[in-house]
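Bear in mind these aren't lab numbers, they're just calculated from the coordinates by the rules spelled out. Treat the numbers as computed from the prediction; the structure is a model and nothing was measured. Cβ placement follows ideal geometry from the backbone for every residue including glycine, while neighbour counts extend to all protein chains displayed.
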Amino acid sequence: MTDLATFERAVYSRAPNRVDLLAEILLDLATGKIADNAAAGAVIPDARLLRLASAISALMADPTVEIGPDHYDRMSFVVGDLRRLFQATGFEGTDFILRALSPESISSDLLARRLPLLSLDSDLSWPPDFLDTLSPRAAQQTLAHLIATKPVMTQRGQARRDQLLDHATSMPSAHWPLSPDHLVLITSAWMLCSYAGTPNKHAIKTLFNEALKGMARGWGLGDRPLPRERVLKPRPRILFASEIMHSRHVQYRYFGQYLRQLRTRFELVLLTELKEVDDHVRTLFDAVLTFERGERGYLQKIHRMMIDAAPDILFYPSVGMRHWGPLFANLRLAPIQFTALGHDSLIFERMPGFTPPVPEIRPAPNPLRIVLPSNALKLNPGFIATLGKIRAGAKRPIEFHFLPNASGLELSALSRAIQRTLPGARVHGALSYERYIGLISACDLNLSPFPFGGLHSVIDSLRQGLPVVAMDCPEPHGRTDAMLLRRLGMPEWLIATNEDDYVAAALRVIGDDALRVALSEQALAIDVGNVMFGDAATPLRSEIVDTLWWIYQNHEAVQADGRKLWSLVDRATLPGQVGLQEVSPRSP
C-alpha cells in the first residue's frame with residue numbers, strides 16, 4: 001500500500017518514481033484502501049480523495065512525465081477508478097489536464113501519451129479510429145477500459161461508446177498481460193457491452209474472445225480431450241459452472257426451479273466460488289466443487305476441477321458476471337456446452353427465510369414516489385434524460401428514488417450525473433434485500449429502464465402493488481419486462497415501443513390516482529408470490545429438463561442438421577431415442 005502523503009511528496013518534488021507510485025496508489029484506490037467516507041449519495045467527497053485528485057492532476061500535467069507501455073500495463077485495469085475519482089471530486093472529468101498540457105489543440109500524440117485520461121464523457125474531439133494509432137495491446141486495453149466505463153455520465157459518452165463498439169470489429173488481435181487484474185478488465189468490457197445501444201454491440205466479443213484464448217494458452221489452460229463418439233448414459237452429468245449462486249442472490253432465484261427439474265434426470269455438480277455456497281445452495285446439487293479467488297493458482301484449479309469432473313454437459317447459467325466465466329467459456333471442456341440468458345426463468349425459486357413486507361397502496365401521495373430499482377449499468381444518460389421529460393410533464397410533485405446497488409466513487413459519480421438532470425433525486429447506496437424491498441414498497445410507481453430492462457425488479461414491484469411502465473426492446477434483455485407484464489395480464493399500454501409512448505404511459509399513471517390505485521390492486525390480485533415462485537414443495541414443470549434431455553440425446557443429429565433455431569415442432573422430428581432406452585425421471 002502506498003501512503004497518500006508519500007505519493008504527494010513524490011509528485012510535488014518530481015521524484016523519479018512518481019509514475020510507479022501512481023500505479024500503486026490507483027490500485028489502492030480500486031481495492032478500497034483509500035476510501036470515500038462520504039455518506040451514501042453525498043456529492044462532497046472525503047478530503048483525502050480531493051488531495052489524491054489534485055496530486056494526480058499535477059503529475060499528469062507535468063510535460064516531462066512519460067507513461068510508457070509498462071506503466072500503462074500496470075494501471076490500465078484501474079483507469080476506471082481514476083475516472084470516477086475525477087467525476088466524484090467535482091473536477092467533471094480529466095479534460096482540464098489535457099488542456100493544461102496543450103491549450104490550443106489536443107493532438108493524437110498527446111492522447112497517446114496520456115491514455116489513462118481518455119474518457120467517453122470527454123468533450124474533446126477524438127474519433128474511434130484514434131485507437132488505430134496505438135499498438136494493438138494498448139489499443140485493446142484502452143478500448144476495454146472505455147467500454148467498461150461505469151457509470152457513463154453523458155449522452156455524448158453513451159454515443160461515443162456505441163461508436164467504439166462499432167469500430168471494434170476492425171481492430172487487430174493483441175496479446176494481453178497474463179494477470180487476473182487484466183482478465184477482470186477484458187471480461188468487464190466483454191459483459192458491459194450488453195448495456196450499450198448499438199445493434200452491433202456484441203461484435204466486440206469476437207475480438208476479446210481471441211485475446212481470452214491467448215490468455216488461457218499463456219496460463220496453460222487447454223481444451224479437454226474428448227472421445228470421438230459419445231457414450232450415452234442413463235444419468236448424464238451436468239457441471240453447473242455458476243459465477244454467482246448464493247441463495248441471497250437473484251441467480252439462485254432464477255435457476256433454482258430449473259435445477260430441481262434437471263436433477264430428476266441428470267447428476268448435478270456445482271462449480272463456483274466458495275463464498276457463493278450455503279446450505280440452501282447445496283441442497284440443489286449432488287456434489288459441489290469450490291475455489292477461492294486469490295488463492296495461488298486458482299484459475300488452474302478451476303480448470304483441473306472441470307477436467308476431472310468429466311461432465312457430459314457444461315452449463316454456464318451466465319457468462320460475464322465474474323471474470324473467470326468468459327475465460328473458461330472459450331474452452332471446449334465438455335461434449336455439450338451451453339449458456340442461458342443470464343436472468344431467464346419461467347418460475348422463480350423463493351428466497352429462503354424472506355417474507356416481503358405487507359403492501360401499502362397510497363391513495364393520494366404527495367409527493368408521488370417513483371422508484372428506479374435498477375443497477376447503475378442500466379441507468380444510462382438517455383434513460384435519465386427520459387425521466388427528465390417525465391418530471392417536466394408531470395402536473396404534481398414527484399420524487400425519484402434510485403436503488404443502483406452502488407457504493408463509494410461509483411455511487412458519488414452516478415449521483416452527480418443524476419442530479420444534473422433530476423435535482424433533488426434520492427440516490428440510495430448498496431442495500432440489503434430487505435431494505436431494498438422496503439424502499440420499493442414505500443413508493444408508488446416503477447419506471448423500468450431501457451434498453452436493458454429489469455425483470456426481477458418488475459416482479460418485486462408488482463408483488464408490492466406498484467404499477468410498472470416498461471419498454472419493449474429488440475434484444476432478450478430488453479424484452480423480459482414486457483414478457484412479464486403480458487404474462488401476468490397487466491394492461492398493454494404500460495408497455496411502450498418508443499420514448500414518446502413511454503413518457504405518455506408514465507404521465508398517465510402519475511396524473512390519475514384512481515387509475516394508479518386500480519393498477520396497484522390489479523397487481524396485488526395476481527398474487528405474484530405464488531404464481532411466479534416455487535420451492536422444494538412446488539410441483540415441478542418439465543420444459544427445461546425435457547429440452548436438455550432432447551439436446552443430450554440428439555446432439556450429433558442437431559450438429560449435422562445445421563439449423564441454429566429449433567422450435568418445439570422442429571424438435572418433434574427427432575424423437576430423442578438415438579438407441580438409448582427412455583429413462584424414467586427420478587426424484588433427487
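Specify, per residue and in Å³, the volume enclosed by the convex hull of the alpha carbon atoms belonging to region 187-274. Walk me through the numbers before you get to the answer.
Values: hull volume 15.8 nm³, N = 88.
Convex hull of Cα atoms, per residue: 179 Å³.
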* 3J(HN,Hα) from dihedral phi, region 424-439, Karplus parametrisation 6.51/-1.76/1.60, rounded to Hz, x for glycine, proline -> x, 4, 8, 10, 8, x, 4, 10, 5, 4, 5, 5, 4, 5, x, 5
* To do: Pick out, in residue order, every one of the trypsin sites (Lys or Arg not before Pro) in region 305-412 that is DSSP loop and has at most 16 other C-beta atoms within 10 Å; say none if there are none.
  => Arg332, Lys395
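For region 9-127, what is the convex hull volume of the alpha-carbon atoms per residue, in Å³? Provide the component values of the computation, followed by the final result.
Details: hull volume 13.1 nm³, N = 119.
Convex hull volume per residue, Cα atoms: 110 Å³.
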* If the cut-off is a Cα-Cα distance under 18 Å, which aspartates and glutamates reach Lys564, setting aside same-chain residues fewer than 8 apart in sequence? -> Glu475, Glu556
* Could you pull out every residue, at least 5 positions away or on a different chain, whose amide H is within less than 5 Å of the one on Glu267? Hs are placed 1.01 Å off N in the peptide plane, and Pro or chain starts have none. => Arg237, Ile238
* How are the C-alpha pair distances of region 411-461 spread across 10 Å bins, as whole percents from the shortest bin up? -> 20, 47, 32
* For region 423-532, with only Lys/Arg (+1) and Asp/Glu (-1) charged at the beta-carbon, what is the dipole magnitude about the Cα centre, in debye rounded to 20? -> 260
* **Longest exposed-site-free window of the chain, the sites being GluC sites (Glu not before Pro) in a DSSP loop that have at most 16 other C-beta atoms within 10 Å** => 361-581
* **Rh (Kirkwood; distinct C-alpha pairs) - region 387-527, Å** => 15.6
* Charges only on Cβ, +1 for Lys and Arg, -1 for Asp and Glu: so what's the dipole of the chain about the Cα centre, in debye to the nearest 20? -> 480
* Asked: What are the extents of the Cα atoms of region 231-301 along their three principal axes, listed from largest to smallest and rounded to whole Å?
  -> 38, 31, 16
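Roughly how big is region 143-232's charge dipole about its Cα centre, with Cβ charges of +1 (Lys, Arg) and -1 (Asp, Glu), in debye to the nearest 20? Kindly include the intermediate steps, with their values, before the conclusion.
On the way: 11 positive and 6 negative charges, 24 e Å.
Using only the charged Cβ atoms, the result is roughly 120 debye.
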* At a temperature of 4 °C and a viscosity of 1.567 mPa s, determine how fast the chain diffuses translationally according to Stokes-Einstein, using the Kirkwood radius over alpha-carbon pairs as Rh; express D in µm²/s, rounded to the nearest whole number. => 50
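How long are the semi-axes of the equivalent ellipsoid of region 137-186, taking √(5λ) for every eigenvalue λ of the Cα gyration tensor, in whole Å from largest down?
Numbers: eigenvalues 90, 42, 7 Å².
Over the Cα atoms of region 137-186, the ellipsoid semi-axes are 21, 15, 6 Å.
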* Asked: Between Leu346 and Ala15, what length in nm is gained on full extension when 0.36 nm per residue of separation is reduced by their alpha carbon distance?
  -> 113.1 nm
* List every residue whose amide H lies under 5 Å from the amide H of Cys473, counting only residues 5 or more places away in sequence or on a different chain, with H placed 1.01 Å from N in the peptide plane. => Arg479
